[in-house]
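Participant: One structure is given below, represented as structure tokens, and several questions about it will come after.
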Amino acid sequence: MAQTDEFGEELVDFVRRVAELKAARSLSGGDLPTVLDAAIFELDHVADQLWPWYERLSSGGQPRTASAERQEQHLLRAVFQGFPLPVALVDREAVVRRLNFAATSFTGVRAGYATGRPLTGLLAHADRAAFRSQAAAVARGEGDRSLTVRLQQRPSVPVHATLSAVRPSGEPHTTVLVVLQPGETAPPAMPTPQVPDLTETTRHAALTDLQDEMTTALLTAPRGDREAVVRQAARVLHGRFADWVIVDTGTARMSRTTVLAPSPKEATALTEQDPATCPLITETTRTGSPSLQVRPENPDAFGRDTDGAPVLVQANVTSLLCVPLTVGGAVQAVLTLFRCGPRPPFSLAEAKAMDTMSRHIRLAATETP
């Protein structure tokens, strides 16, 4: 009983220290490395001291009620979620097991979406292989690791990632604890006042304007001229809705007819590409179903350019939409849209609007004059 009381006192002290670290987030950027060191020390303390202590109490014949066990589990979960730094638990394949609140704010990804998906999907393509390798080494027991990575949505900001091995109770394998911290070029985290979120309203208004412009373009396009109609629709989508708009048309075999890119040089590189070498195009043609991908995991999903580089990596694609135009049950054309760099990814609402516009494009392309 005395050991249980001592453990409870130590846990209360730990929670108090976490609260102090949380309050230290308002410090200047130069002081944040000290806070990070202290936070990592506290996490090591949990992994090396508190957790083994808890396991000894659990297996040492101490009478424990189900209610007491649940309370301790809830307390540890609250400590993890309330930790002031972005923290993730991943397996040896870098697949996310848990993400705390600070990590969801830092990465802009909901915990429910991230769980079960590779954490590397949030990183720039160039950093993914190195991160996976380091995570596997930590999971094998080769010691803690640290490396600098960049988020795909904010490639200009370096992020320090510290990886440590932990073995939670009941887990069959070692788990990797990942602590993320912005580099020196990132502005220090500052508390922001609560203001009305106008993002969705603004995006909805922009989407309404886009649909209105698309309707106008289709009404003035030459009826029944499929390639002309699709080309005119692509010009409406380019720039304001997508950084890249790529059109492939055909029946038995697709051919590249339109490429609208951020620059003419980039457009030339994809104009010569054979759509048959793009797995995404061939799959959309086969199934006739639209595809929405945010942070595409497969860099070769859209094939390679004339220099042999993966198109998605070369263009820094952060999200894409691939929409088929179906006539009489057969796919006659495929529109592919890319968003790149820090631009917000396509949302489900935008994907639904694009699906509606694709039906209107199909009607204008097949309507007889």
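Each reported figure results from applying straightforward, stated rules to the coordinates on display, with no laboratory input. Quantities reported herein were computed from a predicted structural model and do not represent experimental measurements. FYI the Cβ positions are ideal-geometry reconstructions off the backbone, even for glycines, and counts take in every protein chain you see.
Participant: Just how far, in whole angstrom, is segment 299-342 from segment 103-128 if you go by their alpha carbon centroids?
Facilitator: Segment 103-128 and segment 299-342 have Cα centres separated by 22 Å.
Participant: So how strong a dipole does segment 217-369 carry about its Cα centre when Lys and Arg Cβ are +1 and Asp and Glu Cβ are -1, to the nearest 20 debye?
Facilitator: Roughly 400 debye for segment 217-369.
Participant: Moving on. Please list, in order along segment 227-243, the HN-Hα scalar couplings obtained from phi with the Karplus expression 6.51 cos²θ - 1.76 cosθ + 1.60 (θ = phi - 60°), rounded to whole Hz, x for Gly and Pro.
Facilitator: After applying 6.51 cos²θ - 1.76 cosθ + 1.60, I find 5, 5, 5, 5, 5, 5, 5, 4, 5, 5, 6, 5, x, 6, 10, 8, 6 Hz.
Participant: Taking 41 Å as R0, compute the FRET efficiency from the Cβ-Cβ separation of T356 and T277 and round it to 0.05.
Facilitator: 0.85
Participant: If I take R0 = 45 Å and measure r between the Cβ atoms of E10 and A129 in this structure, what FRET efficiency does the formula 1/(1 + (r/R0)^6) give, to the nearest 0.05?
Facilitator: 0.65
Participant: Another question, then. For segment 286-369, what's the relative contact order in percent, using C-alpha pairs closer than 8 Å and at least 6 residues apart?
Facilitator: 27 percent
Participant: On to the next question. With 14 Å as the cut-off, how large is the P(r) tail for segment 104-180, expressed as percent of Cα-Cα pairs?
Facilitator: 63 percent
Participant: For segment 224-369, go through all pairs of different Cα atoms, get the mean of 1/r, take its inverse, and jot down that Kirkwood value in Å.
Facilitator: 15.1 Å
Participant: Using only the alpha carbons, work out the radius of gyration and Dmax of segment 202-301 in angstrom.
Facilitator: 14.7, 42
Participant: Shifting gears a bit: If you average the sequence gap of Cα pairs under 8 Å that are 6 or more apart and divide by the length of segment 129-173, what percent do you get for the contact order?
Facilitator: Computed value for segment 129-173: 33 percent relative contact order.
Participant: Amide H to amide H under 5 Å from T318: which residues, 5+ apart in sequence or cross-chain, H placed 1.01 Å off N in plane?
Facilitator: Excluding prolines and chain starts, which carry no amide H, the hits are R339, C340, G341.
Participant: What nm distance separates the two modelled labels at Q211 and S347, each placed 7 Å from Cα along Cα→Cβ?
Facilitator: Those two pseudo-labels are separated by 1.3 nm.
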